[in-house]
Amino acid sequence: MTSPKVALIETKPSKTNFADEFDGAFEFDRYQLCSDPSIKKVLKRDCDIDINVDDYDWVILVGSDALKFFTKINSVTEYSGKKVEEKFLPVINPAMLAFKPEARRTWEDSKKSIIEYINDEKEDVVIDDSIAFGIQDTEEANAFIQAAIDAPLDYVALDSETTGLWPRDGHMLGISLAYDDKKGAYIDTNCFDETTESLLQELFDKKIVVFHNAKFDIAFFEYHFNFKFPRFEDTMLLHYVIDENPGTHGLKQLTMKFTPYGDYEKPMYDWIQQYKKEHGLLKEQFGWDMIPFDIMKLYAGMDALCTFLLYEKFVKIKQNPKLKWVYENILIPGTRFLIDVQDNGVPFDRRRLLMAQEIMQNDIDNAIAKLYQNEKIRKFEEIQGKQFNPNSTVQLRSLLFDALGLPPTGKKTGTGADSTDAEVLGELAEKSDVPGLILDIRQKSKIKNTYLDKIIPQLDRDSRLRTGFNLHGTTSGRLSSSGKLNMQQLPRDNPAVKGCIKAAPGHKIIAMDLTTAEVYVAAVLAEDNELMDVFKTGGNFHSTIAHKVFKLPCEVHEVADLYPDKRQAAKAVTFGIMYGAGAAKIADEVSKSSGKRFTKKEAQEAINDYFKAFHKLRAWLDNNTKFIQQNGFVYSYFGRKRRLPNVQSTDQGIVGHSIRSGLNFLVQSTASDINLLGAIDMGAYIQAKGMKSRIFALVHDSILAEVPDDEAEHYMEKLVEFVQMDRGVKIPGAPIGCDFEIIHEDYSNGKFEKKYGLPEQQVA
């Protein structure tokens, strides 16, 4: 038997011994996209490879550059070890394992798969209508659903295909259903009758319904059909407790990694690309309702089948009692809660939005006019022979550092060039008026383009914006926000956006924030009685800390006035040690905030004094550092697992970052979960009591709600009760702090009116 002919292609010449990496399992010819090893970032123009891939049975593509060169695929991680276009075998670069040990599993699995392909030991699974099929007949649909009801297993997998990403923006084209590991059906909603809907509800009542991203699907099923799901599971969230890293939880990614079905989506997406090309459609002009049923059915049926298969694999994680508790007591109830939060929507004042949009455009126009009137800009344009474009980083860099002769700050871009970001412009503005003008234009343009221009057309008829909140977007467990508006990143320094979030007449916006929550958690977890006593004492927290640490000869209430630098140092150390900050970082923070130079030596002395006062905290940090170093993971109080394999890296900078991430995780995750659990309980209480209060956002450690005037007192009373509930992380006599802000007008708390007036004033 003739050995297959294999080529291996890397980006540029390297010292990697690929023969050893692949255990000498096969012979291969080695190529590089670019023969010049000195080029840091290889572009297509640098590629001088000379190869006829038709001469080879298999072509191994090492890294994303090689994959992109020969295919239209960008993600080598997703496709590592998978066959692409009959002969290409992408794989991650094993050289990365030195600084990313967490990729070891991916490399080993990919290597095994590639060897099996080359040795003809691996067969591709054929996907056809024997395992994924469509149903457009009502009787056939009802019979299939009845079969699912009668099936022996107590769970089914369910998915939906929709014309939009939000229930109010689209409708449901069909549902996908699998009740065993052999087949999945895609049922056209056009064939639903009353019996179909009745059978589906019977199925949902009887079985555990497994989704992949339940929050999305349940919202559609509830809004369009009023279906209820007494018991549901979510393979996306199950994977999240297995691997907390963001961006790893997509159905396609997991299917490729954990099932034999590979990239089953590709034929449909190839059809979409061809259809758009033939009809001259842009991405935003294409809708999923344009996909013929016969094209959709295979892809959609596979969605349900693969969700079923993933559940069979992932549900085993419940054997770990810690992860099981997180999944069942935080993530699943959190899903139900966030469906309601998203449906509540963020209340906006449309007139204020339009007014803010107009004002911001006028401000931008005026700032641009002022910029072009500047003598320095005019001289620059004369030299360049063209108009200055403030959005061009090349021109801006030339203007600032060449024409104006401003000294670079030392901050670099990813390519090694001098940075011109907001931080740099802010520093340079102290030396010249030009950077300040450009910074002003940038900031106002971002507010208008990123926020105002996008919010207005996305408002629903009730002037509410329904955006997304995610349980799986961070390694710590803190919620992230995405979709129509990222509520976690609203502009802080300008009230133009926050001032447009406004409660309806007869309502208030009530914001509840946890106070010094992470320090509180650290004190409890470390069992540091001295630090817990600070919370029991009450009064100004940072003044009390400074008074205790530095043994100041005054009363606590006098610290802020008499020893502001000591108070600032105590504050910086308190928060700094939670994030693993060293003396240099703390010295810089205190210097910036106090306006007085605070040396590294002084910072180190402050740290030493701090740990003398709170020695149990120091011991707790040291013990957890050792645990992370030895085990490469750590559990939060509530049972979340943070995997830190990079502590095995040979790069000490990477090791240090991993340890700091682990220590921060212990406090940040626990504090975040206390807040989230309180919000979940409050949401359930609102539903049970039929209250009209609506929680519409969780922003960092803040819970935002629109509350009727006559419910305000009761709402705040119950929310405090739920957030401060004893969940095992509590100082006796000193519950975690809850700070309420009752906002009568808008979320900017009147700053919008002070800066811009009111819409009716503008109209008048």
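Each reported figure results from applying straightforward, stated rules to the coordinates on display, with no laboratory input. Not measured: the values here are computed from a predicted model. Here Cβ is always computed from backbone atoms with ideal geometry, including for glycine, and neighbour counts include all displayed protein chains.
Please work out whether segment 132-319 counts as rounded, prolate or oblate from its C-alpha gyration tensor, where a ≥ b ≥ c are the square roots of the eigenvalues and a/c under 1.5 means rounded, while otherwise a/b larger than b/c means prolate and anything else oblate? Could the numbers behind the result be given before it?
Numbers: a/c = 1.57, a/b = 1.12, b/c = 1.40.
Verdict is oblate for segment 132-319.
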Whole-number percent relative contact order across the chain, with pairs defined as alpha carbons under 8 Å at least 6 apart: 12 percent
Identify all lysines with a Cα-Cα distance to Lys15 below 21 Å; exclude those on the same chain that are fewer than 8 residues away in sequence. Lys40, Lys41, Lys100, Lys111
In the chain, helical segments from DSSP H whose Cα atoms cover 30 Å or more along their own axis and that average at least -1.0 on the Kyte-Doolittle scale are 293-314, 350-373, 652-689
Listed by chain and number, the lysines with an alpha carbon less than 23 angstrom from that of Lys755, same-chain partners under 8 positions apart left out, are Lys370, Lys444, Lys446, Lys448, Lys454, Lys498, Lys502, Lys508
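Hey, got the dipole for the chain? About the Cα centre, +1 on K and R Cβ, -1 on D and E Cβ, debye to the nearest 20?
Value, rounded to 20: 2940 debye.
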In straight Cα distance, which aspartates and glutamates are under 14 Å from Lys411, not counting same-chain residues fewer than 8 positions off? Asp421, Glu423, Glu427
Lys484's amide H: which non-local residues (gap 5+, or another chain) put their own amide H closer than 5 Å, with H modeled 1.01 Å from N in plane and none for Pro or chain starts? Gly468
Summing Lys, Arg as +1 and Asp, Glu as -1, what charge do residues with Cβ under 13 Å from the Cβ of Tyr223 carry, Tyr223 excluded? -2
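How do 720-733, 637-650, 35-48 rank on mean C-beta neighbours within 10 Å, highest first? Spell out each step's value before the answer.
Numbers: 720-733: 14.5, 637-650: 19.0, 35-48: 11.4.
Ranking the peptides 720-733, 637-650, 35-48 by packing returns 637-650, 720-733, 35-48.
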Using alpha-carbon positions, the gyration tensor of segment 6-118 gives root eigenvalues a ≥ b ≥ c; with a/c under 1.5 called rounded, otherwise prolate if a/b exceeds b/c, else oblate, the class is rounded
Rounded, prolate or oblate, given the Cα gyration tensor of the chain, with a/c below 1.5 counting as rounded? rounded
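Grab the DSSP H runs of the chain that are 4 residues or longer, score each as -39,500 (n - 2.57), total them, divide by all residues and round the 222 nm result to the nearest 500 deg cm²/dmol. Kindly include the intermediate steps, with their values, before the conclusion.
Values: 31 runs with 358 residues, N = 764.
When only DSSP H runs of four or more count, the value is -14500 deg cm²/dmol.
May I ask you to order 180-191, 55-66 by the average number of other C-beta atoms within 10 Å around their residues, highest value first?
Values: 180-191: 19.1, 55-66: 21.5.
In descending order of packing, they fall as 55-66, 180-191.
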Taking placed amide H atoms and a strict 5 Å upper bound, the residues 5 or more places from Glu745 or on another chain that come that close are none
For segment 619-658 and segment 698-753, write down the distance between their C-alpha centroids in whole Å. 33 Å
Which distance in Å, rounded to a whole number, links the C-alpha centroids of segment 9-73 and segment 562-583? 51 Å
